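Asks: The structure that follows is given in the form of structure tokens.
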Amino acid sequence: METSSPRRDLIMLAIFIAAVLTMPLWTAPIGANYPDLLQKFAIFGIFAIGYNLLFGLTGYLSFGHAVFLGVGSYAAVWSFKLFSMNVLPAVVMGVLFAGLFAAVIGYLSLRRSGIYFAILTLAFAQMCYNLAYSVLTPITNGETGLQLARADPRILDRMFFEADVGLPLTNLFGMEMQGYSGFYFCAVLLILAFFLSMRIFRSPFGLKLRAIKSNQVRMSYTGFHTRPYMMTVFIISGMYAGLAGSLLAVTDPLAGAERMQWTASGEVVLMTILGGAGTLIGPLLGAGIIKYFENIFSSFNDSLLHNAFSFLPDGVQDVVVGIVSLFVGEGWQLTLGIAFMLVVIFLPGGLMEGFRRIGALIARRRGRGPAEEVERP
Amino acid sequence: MSNTILKVTNVDKTFGGLRALSNVNLHVEQGVTHAVIGPNGAGKSTLLNVCVGRITPDNGSVVFKDEILTGKEPHRINQLGVARVFQTPEIFPELTLLQNVMIPALAKREGAFRFNPFRSLLSQHEIRDEACHTLEDVGLADHLAMLAGTLSRGDKRRLELAMCLVQHPGLLLLDEPTAGMSRHDTNRTIDLLQRIKERGMTKVIIEHDMHVVFSLADRITVLAQGTVICEGTPDEVRGDPRVQEAYLGGAHL
């Protein structure tokens with residue numbers, strides 16, 4: 001069963017750390033090596049890893065996870081406003097508040113499973129989103145979004161130094177959290193998040209979560225109280241989202257309600273399914289691909305395409321560009337939609353299943369006998 | 001000498017207008033294999049459901065050892081030492097055989113809830129060994145890494161039995177453990193259940209197959225239309241005219 005062994009996990013972790021830290025290098029050929037996008041990769045990677053702990057392990061489809069992302073952002077910005085521009089308290093606040101929200105929403109939503117659970121979480125998310133726009137305006141600053149102001153108290157900062165003339169920047173003990181330093185801060189947290197997720201996957205706790213997905217009736221007749229298990233993993237998952245949300249605020253200190261909208265919740269579901277729900281790496285892959293499409297594909301325009309197809313004769317070039325331009329630029333979501341459909345239809349286990357199949361095929365070609373038992377992490 | 005381990009007293013249960021159980025009493029002695037038989041719809045499965053907390057009776061009580069089971073949630077009843085094999089096997093189809101059996105072993109060791117995300121499954125040697133032994137016991141040790149969902153129906157039943165046995169329950173409830181099995185598999189299951197009996201595990205077994213009932217049971221309770229019509233040793237039950245009439249339809253035993 002477990003092709004995973006402590007040694008294999010260690011190697012995987014080492015490769016993962018190396019891959020994350022060298023990301024600015026190997027993303028250069030695909031034009032994604034600018035800090036803004038790299039930060040997004042890391043942040044949404046964390047979001048997807050956390051979501052996968054809930055959806056991938058237990059099968060509970062939450063359709064309102066963006067709430068925790070939004071709450072994390074608001075909490076972080078408030079921490080910047082009230083306490084300090086240091087990112088550590090902001091991250092801690094973001095995680096704690098998201099955990100708190102997850103506890104409340106989880107307590108209510110986890111009374112149901114399946115489609116009812118999904119609808120409940122969606123309802124709570126929309127409720128939070130609308131509240132953030134309306135009655136909670138004093139906290140969220142409504143449509144404008146929560147922003148920093150020069151006049152903010154920043155109690156902790158004021159104890160040590162005078163206010164600057166301009167708006168202060170987020171920092172980690174003086175190191176500014178913009179650009180690459182911001183990315184590396186996110187990257188370190190991504191690595192920690194991944195490590196924790198890996199431990200959960202390999203623990204008895206994780207096995208029990210998978211058993212809940214497989215057969216909840218048997219779980220309770222086997223002597224397990226499934227509610228606290230679901231609560232725990234829901235809160236952990238919410239905290240991951242809160243961490244991601246606070247990092248969004250760290251790299252760009254403002255928070256708006258649109259971060260909580262249902263499209264944002266749907267996006268993380270797409271990421272997880274596209275990459276492979278229930279696998280360790282899959283959700284990260286999904287997050288990377290979606291953010292890449294969103295940022296790179298959407299920036300392709302007609303002149304860029306004309307250049308790319310300049311080797312074709314004029315008439316053909318126009319036709320080709322005409323067709324291709326449907327799928328890039330404004331139309332990037334069309335490409336994403338098609339890719340998603342293809343994956344769901346042909347690879348229900350996500351891209352990771354595709355890799356596994358290719359791996360098995362190669363192993364068979366090499367004549368290593370029958371394909372190894374596939375990994376079930 | 002014998003002491004009662006399970007005491008079902010005056011249990012009533014009505015579904016809509018249907019009286020599924022009416023004033024049912026059942027006393028199961030320690031170490032005994034107690035069969036509950038009766039025609040379809042007699043209330044046998046309902047009786048088991050009442051015992052494991054799936055159904056709350058309208059009236060009456062179920063006491064296991066000194067604990068009242070009525071009104072308790074299923075996981076608490078299991079933690080007290082009552083395990084159940086279902087009529088349609090309830091297993092974890094997406095997990096491997098070994099994992100399927102390790103989970104109940106973990107339940108026994110860790111209780112109803114434990115949060116241990118930093119412990120590795122691979123370091124749980126005792127649990128693993130225990131699970132392997134139990135799978136060997138039921139004859140499924142050759143396919144530890146196989147997914148449970150791919151097993152045949154008979155093997156799924158055996159797996160579910162292993163999942164219960166690994167917990168060393170004080171009371172094992174079996175709902176038609178040989179239904180849908182070939183004669184060969186049925187005999188193997190009988191052998192297995194007999195071996196368990198030697199370890200002193202108390203069992204309540206619902207079964208249609210009289211061959212199984214009379215090879216295993218020390219005592220038999222006959223249910224018909226929700227009431228107990230007869231209770232006794234296999235020989236007493238075999239000879240009882242009411243049983244002949246209600247259940248066996250005069251069939252020769």
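Any read-out appearing in this document is the output of simple, stated calculations on the displayed coordinates, not a laboratory observation. This structure is a prediction, so every number in the text was calculated from the model and none was measured. Don't worry about glycine lacking a Cβ; one is built from the backbone with ideal geometry, like all the others, and counts go over all protein chains shown.
Asks: Set the Förster radius R0 to 41 Å, insert the Cβ-Cβ distance between A:Thr137 and A:Leu88 as r into 1/(1 + (r/R0)^6), and round the FRET efficiency to 0.05.
Replies: For R0 = 41 Å, the calculated efficiency reads 0.90.
Asks: Quick one: which residues, 5 or more positions from A:Asn86 or on another chain, have an amide H under 5 Å from its amide H? H modelled 1.01 Å from N in the peptide plane, none for Pro or chain starts.
Replies: So A:Asn86 has HN proximity to A:Asn171.
Asks: Would you order B:Met181, A:Met12, B:Met163, A:Met85 from fewest to most other beta-carbon atoms within 10 Å of each residue's own beta-carbon?
Replies: A:Met12, B:Met181, A:Met85, B:Met163
Asks: DSSP loop trypsin sites (Lys or Arg not before Pro) in segment A:70-139 with at most 12 other Cβ atoms within 10 Å of their Cβ, which ones?
Replies: Answer in residue order: A:Arg111.
Asks: Which of A:Trp332, A:Trp262 has the fewest other C-beta atoms within 10 Å, and how do the rest follow up to the most?
Replies: Ascending number of Cβ neighbours within 10 Å: A:Trp262, A:Trp332.
Asks: How many Å³ per residue does the convex hull of the Cα positions in segment A:198-344 occupy?
Replies: In segment A:198-344, the Cα convex hull volume per residue is 150 Å³.
Asks: Per q in 0.15 Å⁻¹, report the Debye log10 I(q)/I(0) for segment B:87-168, using one uniform scatterer on each alpha carbon and no solvent.
Replies: After summing over all Cα pairs, the log10 values are -0.49.
Asks: Mind putting together the pair-distance distribution for segment A:6-258? All Cα pairs, 10 Å bins, whole percent per bin, short to long.
Replies: It works out to 7, 28, 31, 23, 9, 1, 0, in whole percents.
Asks: Something else now. Using modelled amide H (1.01 Å from N, peptide plane; none on Pro or chain starts), what sits under 5 Å from the amide H of B:Ile205, excluding residues fewer than 5 places away?
Replies: Long-range HN contacts for B:Ile205: B:His34, B:Ala35, B:Val36, B:Leu174.
Asks: What FRET efficiency comes out for the pair A:Leu254/A:His306, r = Cβ-Cβ distance, R0 = 35 Å, nearest 0.05?
Replies: 0.40
Asks: Averaged across B:92-98, how many Cβ atoms of other chains sit within 10 Å of each residue's Cβ atom?
Replies: Average neighbour count from other chains, rounded to a whole number: 5.
Asks: Further question on the same structure: In sequence order, what are the phi-derived ³J(HN,Hα) couplings for segment A:191-202 according to the Karplus relation 6.51 cos²θ - 1.76 cosθ + 1.60 with θ = phi - 60°, rounded to whole Hz, with x for glycine and proline?
Replies: Residue by residue, segment A:191-202 yields 5, 4, 4, 5, 4, 4, 4, 5, 5, 4, 4, 8 Hz.
Asks: For peptide B:74-87, how many partner chain Cβ atoms fall within 10 Å of a residue's Cβ, on average?
Replies: 3
Asks: Can you give the convex hull volume per residue for the Cα atoms of the protein assembly as shown, as a whole number of Å³?
Replies: 219 Å³
Asks: For an R0 of 22 angstrom, estimate the FRET efficiency from the Cβ-Cβ distance between B:Asp58 and B:His27 and round to the nearest 0.05.
Replies: That gives a FRET efficiency of 0.60.
Asks: Within segment A:116-202, list the trypsin sites (Lys or Arg not before Pro) lying in a DSSP loop whose Cβ has at most 16 other Cβ atoms in a 10 Å radius.
Replies: Within segment A:116-202, the qualifying trypsin sites (Lys or Arg not before Pro) (loop, at most 16 other Cβ atoms within 10 Å) are A:Arg150.
Asks: Let me ask something else. Would you mind checking the tilt of helix B:97-110 against the longest principal axis of the Cα atoms of chain B, expressed as 0 to 90 degrees and rounded to 10?
Replies: The angle comes out near 80 degrees.
Asks: Can you give the local net charge around A:Asp164? Use residues other than it whose beta-carbon is closer than 13 angstrom to its beta-carbon, Lys and Arg +1, Asp and Glu -1.
Replies: -1
Asks: Right, next: Read phi for every residue in segment A:353-366 and hand back ³J(HN,Hα) as whole Hz from Karplus 6.51 cos²θ - 1.76 cosθ + 1.60, θ = phi - 60°, with x for Gly and Pro.
Replies: Coupling constants for segment A:353-366: 5, x, 4, 4, 5, 4, x, 5, 5, 4, 4, 5, 4, 6 Hz.
Asks: Given N residues in segment B:1-126, what is Rg(Cα) / (2.2 N^0.38 Å)?
Replies: Ratio of Rg to 2.2 N^0.38 Å for segment B:1-126: 1.26.
Asks: Can you compute 3J(HN,Hα) from phi for each residue in segment A:259-275, using the Karplus curve 6.51 cos²θ - 1.76 cosθ + 1.60 with θ = phi - 60°, rounded to whole Hz and x for Gly and Pro?
Replies: Running phi through 6.51 cos²θ - 1.76 cosθ + 1.60 with θ = phi - 60° gives 5, 9, 5, 5, 5, 5, 5, x, 4, 6, 5, 4, 3, 5, 6, 4, x Hz.
Asks: When a footprinting reagent is the concern and you count Cβ atoms within 10 Å, what order do A:Tyr51, A:Tyr180 take, fewest first?
Replies: If I rank by nearby Cβ atoms, fewest first, I get A:Tyr180, A:Tyr51.
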